[in-house]
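*Asks:* Okay, handing you the structure first.
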Amino acid sequence: MIQSLPKYRSLSRLLSPPVLTLLLAISALCALLIGAYSLPVQQVGLVMGEQLFGLEAGLPQTLSYLVWDIRLPRILLSVFVGGGLAIAGAAVQGLFRNPLADPALIGVTSGAMVFAVAGILFSASVLGAIGSWLGYATVTVMAFTGSLLTTFLVYWLASSKGYTSVVTMLLAGVAITALGGALTGLMTYFSDEDELRDIIFWTLGSLGGANWQMLALLIPLVLLPAFILWRQSSQLDLLLLGEREAAYTGVNTQRTKWIVIGCAALIVGACVAVSGVIAFVALVVPHLVRLIQGPRHRSLLLGSALLGGLLMVWADTAARTLIAPAELPIGILTALLGAPFFIWLLLKTKRSL
């Protein structure tokens, strides 16, 4: 496990939770103002006062709708998706004792993708009454179900006689991910033009469908598992010593594995279900926080959640403004930013070591 590097210690105050919280609040306010239609601070303040406190501001209904029903849910969704992916990535990296690990390695993303594409293709025909009852939420529910089922399958394949092998879990995750990619490609091949457009848009990631109902479903599925993971910080710290050494100190390693994998699957499944596939956030953000603040998970998980939300707010703001009124898939932006940055981090680490 890569430790914090002394040359980055001077940045630790910049990534402290109070500073990150302040930067996140400022970024959220800026994101409310920026867009294809820019807004002054006074108007945004009047809309918030009208919606929260019932003040009569006499603003146009379209302005209130833009701020309260479009931009604000989308910003909050980006905060919880980015923070959720980052905290899940930090926990999985700690469990596997590998800073290059990613929740996608255990098949969560692949399972969500397969079921989401199936929901796009078969919601009207095969799913029948279920698809008509769920309506627009069919793809979201299918993706979340697929992520949980795939994680359960990987965990079952890696378990034998009450013991779960981390190495076997990684291998099973790689195999299931490859199978999921093949099934997704097969269904994409047989899709028509409209279905293909939906599939591509979903697999590249977007927060364009944000609304208050979606947030009401996502927030508990992120906050509760994230809190449970944070409560497992000391166990994850001891697992860095090795599984056998952690067991000698009294850690129930089998229970810890189950909790970490289950909570990470819930978080990533919920995030992928509402936003599609967003690359590199779960990998790069925890790695950066670990380099600066060190590997202690109590601060690592909190810092990753805040920095992940901050990164996602700005990525989504760029996605909806760079080519306005059109919109870039946010997964493309995170990959374009994350991959070079991660390569730079690896080169800096290599030189320091």
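The values are calculated or read from the model by the stated rules, or taken from the named source; none is laboratory data. This is a predicted model, so every value here is computed, not measured. In this analysis, Cβ positions are derived from the backbone assuming ideal geometry, glycine residues included, and neighbour counts consider all displayed protein chains. Note: accessible area is taken over every heavy atom of the protein model, side chains too, but ligands, DNA and RNA are not part of it. Shrake-Rupley method; radii C 1.70, N 1.55, O 1.52, S 1.80 Å.
*Asks:* Among the residues that make up segment 318-336, is at least one of them in contact (Cβ under 8 Å) with a residue 24 or more places away in the chain and under 29 Å from Ser234 (Cα atoms)?
*Replies:* No: zero hits.
*Asks:* Select from segment 283-304 the residues that are open to solvent by less than 10 Å² (accessible area, probe 1.4 Å) and among the small types (Gly, Ala, Ser) and write down the one among them that is modelled with the lowest pLDDT.
*Replies:* Applying the filter and picking the extreme gives Gly294.
*Asks:* Could you go through segment 240-248 and let me know if any residue there is at positive phi and within 17 Å of the chain's Cα centre (by Cα).
*Replies:* Of segment 240-248, the ones at positive phi are 242.
Imposing the further condition that a residue be within 17 Å of the chain's Cα centre (by Cα) reduces the set to none.
No: segment 240-248 contains no residue that is at positive phi and within 17 Å of the chain's Cα centre (by Cα).
*Asks:* Name the one entry in Leu66, Leu85 that is touching a Pro at 6+ places or on another chain (Cβ under 8 Å) and crowded, with 19+ Cβ neighbours inside 10 Å. Spell out the reasoning first.
*Replies:* Working: Leu66 fails: touching a Pro at 6+ places or on another chain (Cβ under 8 Å).
Of the residues listed, the single one that is touching a Pro at 6+ places or on another chain (Cβ under 8 Å) and crowded, with 19+ Cβ neighbours inside 10 Å is Leu85.
*Asks:* Something else about it: Need the failing condition index for Ser38 against (1) open to solvent by 60 Å² or more (accessible area, probe 1.4 Å); (2) in a helix (DSSP H, G or I), just the number.
*Replies:* Only one criterion is unmet by Ser38, namely (2).
*Asks:* What's the number of the only condition in (1) in contact (Cβ under 8 Å) with a residue 12 or more places away in the chain; (2) open to solvent by 60 Å² or more (accessible area, probe 1.4 Å) that Glu245 fails to meet?
*Replies:* Going through (1) in contact (Cβ under 8 Å) with a residue 12 or more places away in the chain; (2) open to solvent by 60 Å² or more (accessible area, probe 1.4 Å) one by one, Glu245 breaks only (1).
*Asks:* Related question: In segment 157-189, what residues are in contact (Cβ under 8 Å) with a residue 24 or more places away in the chain and not in a helix (DSSP H, G or I)?
*Replies:* Gly162, Tyr163, Thr164
*Asks:* Out of all the residues in segment 196-206, is one or more open to solvent by less than 50 Å² (accessible area, probe 1.4 Å), assigned to a helix (DSSP H, G or I) and not polar (S, T, N, Q)? Steps first, please.
*Replies:* To start, the set of residues in segment 196-206 that are open to solvent by less than 50 Å² (accessible area, probe 1.4 Å) comprises 199, 202-203, 205-206.
When the remaining residues are screened for being assigned to a helix (DSSP H, G or I), the result is 199, 202-203.
Now drop any that are not not polar (S, T, N, Q), which leaves 199, 202.
Looking for residues that are open to solvent by less than 50 Å² (accessible area, probe 1.4 Å), assigned to a helix (DSSP H, G or I) and not polar (S, T, N, Q), one finds at least one in segment 196-206, hence yes.
*Asks:* Does Ser160 meet the test of being surrounded by fewer than 16 Cβ atoms within 10 Å (Cβ to Cβ), over 24 Å from Thr334 (Cα atoms) and of a type outside the set (Lys, Arg)? It would help to see each step written out before you state the result.
*Replies:* Values: surrounded by fewer than 16 Cβ atoms within 10 Å (Cβ to Cβ): yes; over 24 Å from Thr334 (Cα atoms): yes; of a type outside the set (Lys, Arg): yes.
Yes.
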